[in-house]
Structure formats: C-alpha cells, structure tokens
Amino acid sequence: MKLQQLRYIWEVAHHDLNVSATAQSLFTSQPGISKQIRLLEDELGVEVFSRSGKHLTRVTPAGERIIATAGEILRKVDSIKQISQEFSNERKGTLTLATTHTQARYALPPVIRGFIERYPDVSLHMHQGTPVQICEMTVDGTADFAIATEALELYSDLVMMPCYRWNRCVIVPRDHPLTQLSELTLEALADHPLVTYVFGFTGRSKLDEAFSHKGLAPKVVFTAADADVIKTYVRLGLGVGIVAHMALDPEADKDLVTIDASKLFESSITKIGIRKGTFLRGFMYDFIQAFAPHLTRDIVDAALTAHTKQELDDLFVDVDLPVH
C-alpha cells in the first residue's frame, strides 16, 4: 500500500468519480491513476469503486470506510509537512479559507489586507460557498478554516469558536411606506414582500424563527446569497430587503433608507471552525486573532483540546463579543 494510492482514491472520490478530472488536477495520467487504484484493490482484496465497463459508478460500502481512513492519513501527512515548514520557514506557507459571500465581501477584506502585508510569502486562498459546502471543505482538508454563521454546529469534526455578533437592518427605497412608521414591527414587515438571504445563509434561521415565534408567515418573494444582489432587487421595487447591517455601504447605498432591525431579530454570531487535530502554524494563529482579537493562541489551543462542548462553551462564557 502506497501513500500515492490513498491520495488517488481520495481525490477520485472528491472529483465525482471522474478519473480524467482527477488526473488533470494532480498533473498525472488517467491510466496511471486507474492502474494504481486497481493495484490497491488487489492488495486489499476488496473493490473501492464499483464499475460499469471502464467507468466508475459509485463508491462501495467498503470503499467508503477505506476512503474515510485514507483522508485521515492524508491529513496527518499534511500536518507533518506543516510542522516541518513551521520550523524551516515560519513565515512561508499557504492558508486556505472557506467562507460565504458576506464574510468575504464585508468582514474579511481589512483582515486579509493586513495579513498579506505582514506575511507576503504566505499564499492565501479563499473558497466561497454555502455554509454546508464551507464546513465540508474544512472537514475534508480542502480548507484550513471555515468562517460562517450557519451550519457549523452540524459538524462534530469542527471546533467552532465565536468571533463577533452582528445584527440586521431593513432597506427600502426612500418613498416606501415603512419609512413613515415611528417604530418598525414584525407585523408591519409581514405585510410586505421580503427580499432576503437564502435559507441556510447569513443567519437566515434567526429571521425565520422571529416570524414563527409571532405566528407570522412572511412573504419572501426573492432570496439570494449575496447582499449586493438583494439590494439590487430592492432598488427594482421587488420587495423590502433584510440584510446584515455590515453589508450596508453609506456611500454606495445612500439611495436606500436603512431601518435598524436589531430589536426585531436576535443577533447572530459568526464563528470560525477548525478541523480537530489540525496543526496550526504561527501565521494561522495570527490570522485568527486578527479576525477575532479575543481568540488568542492560548484560547485557541484550549478550544482545540476541549473534551466536551460544555468545556468549549465555558471558554467563551464571559467573552464580550464585538458587534459588527
């Protein structure tokens, strides 16, 4: 059994069983990958993949467990490489983030700019996706950190640490009836068509919970993952927008009226998720603390070694999170 063979089955499984695409991504040949997978299966005495002719059709039950274990081995190998790099050149390496559009567009730019200035020899990569995709990329090792508001709690392989709180605001054109109200209410919002985030994005669950608690059924006529898209359709008169307050630009959005909605919806918490067992290099600790100053190296280490969720939660019980 060779490490290269384990990498091949892992990569094939994560390229939708497309051996050709896998070969391109690994800069090798398709026949070479197929041969090594066959040699591994012969050695193990079981098939990792089912086939129809020359095409792989699915991962076998045995293959699912083998690939999962292969992923763990490959991550350990990557950790060994990270350790060696930390001692050979502590200011050079790679850092990969997985996050949503809102974080990438509004929360991360100043942090990334400062990080690149401090670590010019660290190659920084960013993947955007749904919260579920973000978590899966971090769990499987594609990304080092997941930064999101939703879905992180669903993944037991991730250690989640709170970074900051954020609230929502309502945006409408200047002549909209809601601008005439002395106080905004959920009932008033429910009387208008709404334009907001796709469910599962950017704290959308808190919004739905607030309406449900009041027994209201909001008329959500349009959803998007991107606050800028939401603002575009508010300008077109499609409905009342509900977005993260940090997504408002005083200059670019001065044609819209912003109404604070922090009293209507519970604030949301953006978290950073790190896969358990990840070896963090010095510049990774620095990135985390630049994004969330209360997440010092000692706190992050304590979080990564916490044995229970209660032990993890206790680390942050007295932390006054900043509000964005």
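The values are calculated or read from the model by the stated rules, or taken from the named source; none is laboratory data. Source: prediction; values computed, not measured. All Cβ positions, glycine included, derive from the backbone under ideal geometry; neighbour counts span all protein chains shown. Remember, those area values only see protein heavy atoms, side chains included, never the ligands or the DNA or RNA. Shrake-Rupley method; radii C 1.70, N 1.55, O 1.52, S 1.80 Å.
Listed values, structure above:
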read-out: Pairwise FRET efficiency - T223 versus T185, Cβ, R0 = 22 Å, nearest 0.05; value: 0.50
read-out: Accessible area (Å², 1.4 Å probe, nearest 10) - H192; value: 40
read-out: Among (1) 49; (2) 42; (3) 57, the entry that matches percent of Cα pairs over 26 Å apart as calculated here; value: (3)
read-out: Lysine pairs meeting the criterion (Cα under 19 Å, 8 or more apart or interchain), as found in the stretch 169-324; value: 9
read-out: Farthest positive-ward along the chain dipole, Cα basis, beta-carbon charges - from V139, M1, L108; value: M1
read-out: Degrees between helix 3-13 axis and first principal axis of the chain (Cα, 0 to 90, nearest 10); value: 40
read-out: Computed accessible area, M1, all protein chains, 1.4 angstrom probe, square angstrom; value: 120
read-out: Sum of -39500 (n - 2.57) over DSSP H runs of 4+, divided by residues of the chain (222 nm, nearest 500); value: -12000 deg cm²/dmol
read-out: Hits among lysines - C-alpha to C-alpha of K35 under 21 Å, sequence gap 8 or more where chains match; value: K2, K54
read-out: Per residue accessible area in Å² of the chain, where ligands, DNA and RNA are left out and the probe is 1.4 Å; value: 51
read-out: Relative contact order for the stretch 91-226, counting Cα pairs under 8 Å that sit 6 or more residues apart, in percent; value: 24
read-out: Those lysines that a straight Cα-Cα span of less than 16 Å connects to K81, excepting residues fewer than 8 apart in one chain; value: K92
read-out: Rel. contact order, % - alpha carbon contacts under 8 angstrom, at least six apart, the stretch 1-139; value: 19
read-out: Unit charges on C-beta of K, R, D, E only; dipole of the stretch 151-284, Debye; value: 480
read-out: Assigned charges on the beta-carbon of Lys, Arg, Asp, Glu; the chain dipole about Cα centre (debye); value: 860
